[in-house]
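Read the structure below first, then the notes.
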Amino acid sequence: MSLLNILRYPDPRLHKTAQLVTVFDARLKQLVADMAETMYDAPGVGLAATQVDVHRQVIVIDVSETRDELRVFINPEIVWASEEKRLYDEGCLSVPGIYDGVERPARVRARALDVEGKPFEVEADGLLAVCIQHEMDHLKGKVFVEYLSPLKRNRIKTKLLKEERELARSREKVSATR
Ligand code: NI
């Protein structure tokens, strides 16, 4: 297993649309294992393949407190969403350090395939419902900050680009002293 590099907003590759998975082979299992390891290491509650620059419809989620209930969703679809909405403070491994409220349906029913290609359905509320919808957005090339006002989004963009420049500069310094 290996840790994968997580793309950071505003990387344009976060806006690519993921393709359907059609082959359920060892390579897919390896991707799922690497994504799970990357999510647990970060640590985060969910990760979409888009975030590790793999543009296939694969999501891993674990919202348990014990961090031992890995859920894998391949080619996920929302088949039902409640009319009731809920505002939840969301964060994202691709938008480090930023949390803001996003309103989404409070409950959803999702249909997906497991890593063997077997279909299943899950009815979710609370954090799991938020997480499924947030990760499915990633597969469509959408990052949660796109629900915020343009003003907020630009502030976040500026902050993250500045952090990235500082990070690159400190890396240069380290390599210069070697
Ligand atoms: Ni995210």
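The values are calculated or read from the model by the stated rules, or taken from the named source; none is laboratory data. Just so you know, these numbers come straight off a predicted model, no measurement behind them. We place every Cβ from the backbone using ideal geometry, glycine too, and count neighbours over all the protein chains shown. All accessible areas refer to the heavy atoms of the entire protein, side chains included, with ligands and DNA or RNA removed. Shrake-Rupley method; radii C 1.70, N 1.55, O 1.52, S 1.80 Å.
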Report task. Please work out which one of (1) buried (at least 19 other Cβ atoms within 10 Å of the Cβ); (2) away from the ligand (no atom under 16 Å from the Cβ); (3) touching a residue at least 60 places away in the same chain (Cβ under 8 Å) is the condition His134 fails and give its number. Result -> (2)
Report task. Check Asp62, Asp68, Asp89 and return the single one that is away from the ligand (no atom under 16 Å from the Cβ) and more than 11 Å from the chain's Cα centre (by Cα). Result -> Asp68
**Report entry** Residues being closer than 23 Å to Asn154 by Cβ and assigned to a strand (DSSP E or B) - total across the stretch 80-103
**Finding:** 8
Query raised in the report: Can you tell me which residue in the stretch 58-79 is surrounded by the fewest Cβ atoms within 10 Å (Cβ to Cβ), limited to those that are part of a loop (DSSP other than H, G, I, E, B) and of a type in the set (A, V, I, L, M)?
Result: Leu70
Report summary line: Pairing a residue in the stretch 70-97 that is more than 30 Å from Leu161 (Cα to Cα) and among the hydroxyl-bearing types (Ser, Thr, Tyr) with any residue that is crowded, with 19+ Cβ neighbours inside 10 Å and at pLDDT 95 or above, where Cβ atoms lie under 8 Å and the two sit 6 or more apart in sequence or on different chains, gives Ser82/Val108
**Report entry** Those residues of the stretch 45-71 which are more than 17 Å from Leu14 (Cα to Cα) and not hydroxyl-bearing (Ser, Thr, Tyr), in sequence order
**Finding:** Val45, Ile61, Asp62, Val63, Glu65, Arg67, Asp68, Glu69, Leu70, Arg71
Query raised in the report: Hey, Thr38 hits all of (1) within 16 Å of the ligand (Cβ to nearest atom); (2) outside any strand (DSSP E or B); (3) surrounded by fewer than 22 Cβ atoms within 10 Å (Cβ to Cβ) but one; which does it fall short on?
Result: (3)
Query - Filter result (under 22 Å from Ala33 (Cα atoms), assigned to a strand (DSSP E or B) and free of Cβ contacts under 8 Å to residues at least 60 places away in the same chain) within the stretch 111-128 - result: Arg111, Ala112, Pro119, Phe120, Glu121, Val122
Query raised in the report: Of everything in the stretch 138-158 that's without any contact (Cβ under 8 Å) to a residue 40 or more places away in the chain and assigned to a helix (DSSP H, G or I), which residue is most open to solvent (accessible area, probe 1.4 Å)?
Result: Arg155
